[in-house]
1. Treating the range 351-565 as a set of equal point scatterers at the Cα positions, no solvent, please give the Debye-formula log₁₀ I(q)/I(0) at q = 0.09, 0.11, 0.12, 0.13 Å⁻¹.
2. Note the full-extension length gain between ALA50 and ARG431 as 0.36 nm times their separation in residues minus their Cα-Cα distance, in nm to one decimal.
3. Given a cut-off of under 8 Å on Cα pairs at least six residues apart, what relative contact order in percent is computed for the range 540-632?
4. For ARG617 paired with GLU419, estimate the spin-label separation in nm (one decimal), with each label point 7 Å from Cα along the Cα-to-Cβ line.
5. Given R₀ = 41 Å, what would the calculated FRET efficiency be for LEU667 paired with SER520, taking r from the Cβ atoms and rounding to 0.05?
6. Need the full-extension length gain, GLU391 to ALA563, defined as separation in residues times 0.36 nm minus the C-alpha distance. One decimal, nm.
7. By per-residue mean of other Cβ atoms within 10 Å, what is the highest-first order of 747-755, 5-13?
8. Between TRP266 and ALA454, what's the calculated FRET efficiency when r is the beta-carbon distance and R0 is 56 Å? Round to 0.05.
Amino acid sequence: MTPAYTIWLMTRMRLTRQRNMLFNNLFRFKKKKPRDGIAAKRRNLWILTALMTVFMAFSFTAMSVNVLLNMQCHLDPASECSYTGKNGDPRTNQHAAIEELANAPFSAPLLNGVTLELTALFLIAVILPLGNKEMAQPDWDLEWLVTMPVERGTLLWGRVLERSASNIFGWFAFLPAFGVIAWHSGYTWTALPIAILAAVVLLPLAAMLYTLADTGLRMWLPASQLRNLQAVAGLLNLPLIYFVMALGMPQANGFVMEWARSFPGWASWTPPGIVLKAIQAQSLSQFAAYAALLLAQTGLLLWGGMALLRYQLRHGVVNSGARESVRRVPRADAAPVAGWRDWLSPIKRRELSLLSRDRNFMFQTLLLPIIIIGSQMVFNGKLNSLSELGEHHTLAAAIAFGLGVYVLMLSAFQTLNNEGHVLWLLYTVPRSIESVLKEKAQLWGVLTMVYPLAVLGITAYYTTHVEWSMLVLVLTVAAGIPIYSMIAVSLGVFACDPQAVDVRTRVRPTYVYLYMLLASFYTWSIYSSVWSQKLVVLVLTASMALALWQKARDSLPYLLDPAAAPPARVSTADGLIAATAFFILQGIVMLFFRKVSMPALTIAFSIAGLTVYCLMRLVYWRSKTAGVPAILRGMNWLVSARSAAIAAVIACSVGLGYMAVLHHTALWADLQKAAAMTARSRGWILALAVIAAPLCEEFIFRGLIYGGLRRSMKAAPAMVMSAAVFAVVHPPISMLPVFVLGLCAAWAYERSKTLLAPMLVHAVYNAVILSLQPWQ
C-alpha cells in the first residue's frame with residue numbers, strides 16, 4: 001500500500017468507528033427480534049440528540065456573533081455602537097456594530113482581539129480532547145498499529161491526520177467562529193466553505209500538539225500520574241471556555257476586553273492570526289501572500305512536530321515502567337479504627353472508596369464545580385469579591401445551586417458508569433438495584449449540600465440586613481438539591497451504556513445536556529420574584545424527577561440486555577408529556593382565531609383535549625400498554641356514585657369556604673370585574689368548566705399522572721403529588737381549592753378505578769363555584 005492510501009484507510013477507520021458508535025446508539029432501526037414475547041428496545045435517542053446538536057450549533061454561532069460585535073464596540077476606537085444605559089451600565093448597539101463591520105475592514109485593535117479569541121479556541125481544540133481521553137487505559141491503539149506492515153512514519157502521519165478529521169471539539173470550536181468572521185468580512189453565503197477550509201488548516205496543528213502531549217505523557221509517566229494529569233487537563237479547559245464566553249457577554253467591557261486590547265501583536269503572525277489576515281485580505285495578491293505564509297508555517301510546524309514525535313518513540317511504543325501504582329496493604333496486627341464511616345451503609349462506604357481511589361473522578365467531582373462557578377464569576381464580571389455575596393442574595397442562591405448541580409452531574413450522574421465492566425456484579429447482590437441507586441442518590445445529595453451551605457454561609461456572614469426573601473431563596477436551593485440528585489441518578493441510568501468498549505462512550509452526552517437544560521429551568525425560578533412561579537417550577541421539577549425515576553426503575557432489569565426492554569405500562573412521564581402537549585395544542589389552535597375570547601378558548605381547549613386523548617389512546621393501542629385508564633369499563637356503579645358524592649361534597653365545601661374568605665379581601669373586587677367582563681359568555685364558560693374540563697383534564701391528571709405515580713408509591717403521596725401538579729397549572733388565586741379538588745378527585749379514582757367518578761367530582765365542583773361567581 002502507498003503511504004497516502006494507508007493514511008486514508010486509517011482516517012476512514014477512525015471516522016467509520018465514530019459513525020458506527022453514533023448510529024448504534026441513536027439510529028439502530030434494525031432491532032433484534034424480541035425473545036419470548038419480551039418487548040424490543042426502541043431507540044428514540046436520535047431525536048433528542050438531533051435537537052441538542054441543533055441547539056449547540058445555534059448557541060456556539062450566537063456566542064461567536066456576540067464576541068465579534070462586542071469587540072467591535074469596545075476595541076475599535078472609531079466605533080459608535082457603545083453607549084451608557086439609564087442605570088449607568090455599559091450597553092452596545094449590535095445593529096450599529098453590524099453596519100460598521102459591513103462598511104469597513106476590521107480595524108487593527110479588532111484584529112488583535114479576534115486573534116486572542118481564535119488562539120483560545122485553538123488551545124481548546126488541543127486540551128479538550130486530551131482531557132476527555134482516558135490516557136491511563138492499558139490498550140493504547142498505537143501499540144497494535146505498529147504491528148501492521150507499514151512504516152512508522154506513515155503510521156504517525158496517519159495518526160495526526162485521522163485525529164484532525166475526528167476532532168469533534170475542534171470542529172465545534174472553529175466552524176462557528178470562522179463562519180461568523182467570514183460572514184461579517186463580506187463573504188456572506190461562502191462563509192461556511194471558508195470556515196471549513198480554515199478549520200482544515202488549523203486542525204492538523206492541533207492534532208500534532210495533542211499527539212505529542214499524549215505520546216510523551218504515556219511514555220514517561222505511570223498510570224497513576226497520567227490520571228492526575230488528565231484531571232488537570234480537564235480542569236484547564238473550563239477557564240478557556242468561559243473566557244471565550246465572557247468575550248460575548250453584554251458586560252464584557254472589563255478586564256477581559258483589556259486582555260484582548262493588550263494581546264501582543266506578534267500573535268497575529270501565528271497560524272490562527274494568519275488565517276484571520278487571509279480572510280480579511282483586501283486583494284488577491286494580499287490573500288496569496290498570506291496563504292503562502294500560512295502553508296509554509298503549517299508545513300514547518302508539522303515537520304518539526306513529526307521529528308519530535310519520532311524522537312519520543314525512538315525506543316518503541318511500550319513504556320518500560322510500571323503502568324499501575326500499588327496501594328498500601330494494612331498491617332495484619334493493625335486494629336480497625338472506628339469512625340464516621342461505620343455509620344454508613346456498605347453501599348455508601350464503597351462509593352466513597354471509589355471516589356478516593358480514582359484521582360480523576362475525585363478532582364472532577366470536588367474541584368471542577370468550583371472552577372466552573374469561579375470562572376463564571378470572574379469572567380462574567382458579576383462579583384468582584386466574596387463580600388458582595390451579602391448584597392446580591394439572588395445571585396448567591398444561584399451560585400449555590402449551580403455548584404450543587406455541577407457536583408451532582410459529575411458524581412450522582414456517574415453512579416452506574418463508574419461501575420465499568422463489572423456493573424453486572426450489582427445484579428448479583430441480594431437486594432434490588434433500585435435500593436442501591438437510592439442509597440447512592442442519598443449519599444451524593446448529602447455530600448453535595450456542603451457546597452451550597454458553604455456559599456450560603458458566606459452570604460449570611462456578609463449580610464447586614466436580613467429579609468424574608470432570603471429564607472425563600474435558601475428553601476428553594478435546599479429543595480432543589482435532593483430533587484436534582486434524583487434526576488441525575490435517573491438520567492445516569494439512561495446515559496449509561498454498559499456494552500460500550502470505549503470508556504469515553506459509556507455516558508451518552510445527550511443526557512448530560514438535557515440535565516443542564518433542566519437545571520437552567522430551575523435556576524430561572526431562583527431569579528423569579530413571583531412566589532407562584534417558584535412554586536410551579538418546584539412542583540413540576542419534582543414530578544419530573546419522580547417520572548424519570550420511575551422510567552429508570554423500569555429499565556434497570558433490562559439494562560444489560562441489548563435487545564429486551566420493559567413492557568409498556570402507563571407512566572408518570574406519559575402524563576407530563578400529555579399535559580405539555582395539551583397546553584401547546586391550545587396555543588396552536590388559538591392562533592387561528594383573530595382575538596382571544598371565551599368561545600375561542602373553549603373550542604381550543606376542547607380540540608386540544610380531544611386530540612391528546614385520541615393520540616394517547618392510539619399510542620397505547622399500538623404498543624399494547626397495560627394500565628390504560630378507562631372511563632366506564634369494569635365500573636361498579638354503586639361504589640363510583642358513593643365515592644363521587646363524598647368527594648364532591650368535600651371539594652365543594654372547601655371551595656365555598658375559600659370563596660367566603662375571598663369575599664372579605666381586596667381580591668373580591670378583581671373577581672367582580674373579571675366576571676362582569678365575561679358575563680355575556682356565561683354559556684361558553686359553563687361548557688368549558690362543566691363539560692370540557694372534566695373530560696380532558698381528568699384523563700391527563702388522574703388517569704395518567706396519578707395512575708403513573710400509583711405504580712411507584714402509595715396512594716396518599718401519589719394523590720398529593722398529582723393534586724399539586726393539577727393545582728400549579730391553574731391561576732395562583734385558585735391553587736389552594738384546586739389542590740383540594742385534585743385530592744378529592746384522586747381519592748374517587750382510587751376507590752372506583754374508573755374515570756367517571758373524578759369527572760363527576762370535577763364537574764359538580766366547577767358548577768357550584770360558577771353559580772356563586774359575581775357576574776353582575
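Quick note: the coordinates plus some simple rules give every number you see, no bench work behind them. Quick caveat, the model's predicted, so the values are computed rather than measured. All Cβ positions, even for glycine, are placed from backbone atoms using ideal geometry, and neighbour counts span all protein chains on display.
1. For the range 351-565 at q = 0.09, 0.11, 0.12, 0.13 Å⁻¹, log10 I(q)/I(0) is -0.38, -0.56, -0.65, -0.75.
2. Using 0.36 nm per residue and subtracting the Cα-Cα distance, I get 133.4 nm.
3. The value is 30 percent.
4. Here the modelled spin labels are 4.1 nm apart.
5. 0.80
6. Working: separation 172, 0.36 × 172 = 61.92 nm, distance 5.56 nm.
Fully extending the segment from GLU391 to ALA563 adds 56.4 nm.
7. Averaged packing, sorted descending, gives the order 747-755, 5-13.
8. Plugging the Cβ-Cβ distance into 1/(1 + (r/R0)^6) gives 0.80.
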